[in-house]
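The values are calculated or read from the model by the stated rules, or taken from the named source; none is laboratory data. What you see is a predicted model, and the numbers here were worked out from it, not measured in a lab. All Cβ positions, even for glycine, are placed from backbone atoms using ideal geometry, and neighbour counts span all protein chains on display. With ligands, DNA and RNA removed, areas are computed over all heavy atoms of the protein, side chains included. Shrake-Rupley method; radii C 1.70, N 1.55, O 1.52, S 1.80 Å.
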Amino acid sequence: MMKIIHLKSPNYISYKKRRNIQSIVIHYTGMRSLQSAVERLISKKYEVSSHYLVSRAGKIMQLVKDNNIAWHAGISNWFNFKNLNKNSIGIELENKGHQYGYQDFPNKQITELIKILKRLKKKFKIQNINITGHSDIAPHRKTDPGEKFPWKKLYKNDLAIWHSLDEKFINNFRLKKLININKKNMVKMIKKLGYSRVLKAGHLDKDFTKAFQRRHRQQLINGIFDQECYLILNSLQKFI
Ligand SMILES: [Zn+2]
């Protein structure tokens, strides 16, 4: 049994009918302390919330009921979904974030997160490709949960997509320039992963590429789509 502490955030839209939940968005709080994060998420003033918050010590808090709409995603796109609050569940992880000193995610926190994800995946029949990070759905505004978030571990728990290439092997292609690549095809492949509406004019700009790297090639976030990124992109096509 999962132990959940119930807190009440006023920042939601109540939903009477059964909500069409198709995705989960993972965030970090990006605040100096857990207390300030909780205060923000339950304060009317800020108009933000999430369904769950998991502390670094592994405490699970629920702030908004699953069937109500929490305000966590903002302007966002994923496949054909626009502004994902309506069709998603938001989970915040306590972490100071890039602004205040980005931290590793402790095992205790990830273990509890995995429990929540397993339960939600089953309850709402959510596909792994729709378990996303905030930076996936809003790459030009957001960097959370960031490159330290263990997507590979989620993949091993059948909760996310991840490439199936040998990491040492693909390392040889890092920082190598793309040559003789059909850029149009490359963009098509990227769009198929869910990034269909987030590319500005179908263009791989630096911020988007960084978001892709935070999600799929976490050791180097430089905003340049190199041969290693391309190999990863190819490997991910099996999930489509
Ligand atoms: Zn976020």
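Looking across region 52-64, the residues that are assigned to a loop (DSSP other than H, G, I, E, B) and within 16 Å of the ligand (Cβ to nearest atom) come down to Leu63, Val64.
Among the residues of region 218-225, are any of a type outside the set (D, E, K, R) and crowded, with 20+ Cβ neighbours inside 10 Å? Steps first, answer last, please.
Taking region 218-225 and keeping what is of a type outside the set (D, E, K, R), we get 218-225.
Cutting the leftovers down to crowded, with 20+ Cβ neighbours inside 10 Å gives us 225.
Yes - at least one qualifying residue is present in region 218-225.
When the residues of region 28-51 are filtered to those that are of a type in the set (D, E, K, R) and in contact (Cβ under 8 Å) with a residue 12 or more places away in the chain, which remaining residue is farthest from the ligand (Cβ to nearest atom)? Only one residue fits best here, namely Lys44.
Asn67 passes every criterion in (1) assigned to a loop (DSSP other than H, G, I, E, B); (2) within 16 Å of the ligand (Cβ to nearest atom); (3) open to solvent by 40 Å² or more (accessible area, probe 1.4 Å) apart from (2). Listed conditions (1) basic (Lys, Arg); (2) away from the ligand (no atom under 14 Å from the Cβ); (3) open to solvent by 60 Å² or more (accessible area, probe 1.4 Å); (4) in contact (Cβ under 8 Å) with a residue 12 or more places away in the chain are all met by Lys96, apart from (2). Per the listing Ser49, Ser36, the residue uniquely small (Gly, Ala, Ser), surrounded by 23 or more Cβ atoms within 10 Å (Cβ to Cβ) and not in a strand (DSSP E or B) is Ser49. Inspect region 163-172 for any residue being in contact with a Leu (Cβ under 7 Å, 6 or more places away or on another chain) and open to solvent by 30 Å² or more (accessible area, probe 1.4 Å) and give the result as yes or no. Within region 163-172 (the criterion being in contact with a Leu (Cβ under 7 Å, 6 or more places away or on another chain) and open to solvent by 30 Å² or more (accessible area, probe 1.4 Å)), the answer is yes, since at least one residue qualifies.
Across region 99-126, the qualifying residues are those that are without any contact (Cβ under 8 Å) to a residue 40 or more places away in the chain and in a loop (DSSP other than H, G, I, E, B), and the one among them that is farthest from the ligand (Cβ to nearest atom) is Lys125. Does Arg141 count as within 16 Å of the ligand (Cβ to nearest atom) and either more than 27 Å from Asp104 (Cα to Cα) or not in a helix (DSSP H, G or I) (or both)? Here the answer is yes, as Arg141 does meet what is asked.
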